[in-house]
Amino acid sequence: MRRKADLPTRDCVACARPMVWRRKWALNWEQVKYCSDACRRGTPRGAVVASQSGARKKVSGRTGPS
């Protein structure tokens, strides 16, 4: 069994955080660029964005009611 320290790593192109290889990325590890959906969308973590109605809301990685 491999230890996590033995797995390949790479940095996210959006936030520069290190990513560790995951089994679900096994087939396309060479194409993986982003560590999360938020980085893929270009939304910085913890950013406050304005919605179309003009209301401001805090963007978080959580889903569902708050």
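The values are calculated or read from the model by the stated rules, or taken from the named source; none is laboratory data. Here the structure is a predicted model, which is why all the values come from computation and not from measurement. We place every Cβ from the backbone using ideal geometry, glycine too, and count neighbours over all the protein chains shown.
Just one of (1) touching a helix residue (DSSP H, G or I) at 6+ places or on another chain (Cβ under 7 Å); (2) modelled with pLDDT of 90 or more; (3) not hydroxyl-bearing (Ser, Thr, Tyr) trips up Pro18, so point out which.
With respect to (1) touching a helix residue (DSSP H, G or I) at 6+ places or on another chain (Cβ under 7 Å); (2) modelled with pLDDT of 90 or more; (3) not hydroxyl-bearing (Ser, Thr, Tyr), Pro18 is out only on (1).
If you go through the range 34-45, how many residues are surrounded by fewer than 13 Cβ atoms within 10 Å (Cβ to Cβ) and either modelled with pLDDT of 90 or more or in contact with a His (Cβ under 9 Å, 6 or more places away or on another chain) (or both)?
Residues in the range 34-45 being surrounded by fewer than 13 Cβ atoms within 10 Å (Cβ to Cβ) and either modelled with pLDDT of 90 or more or in contact with a His (Cβ under 9 Å, 6 or more places away or on another chain) (or both): 0 in total.
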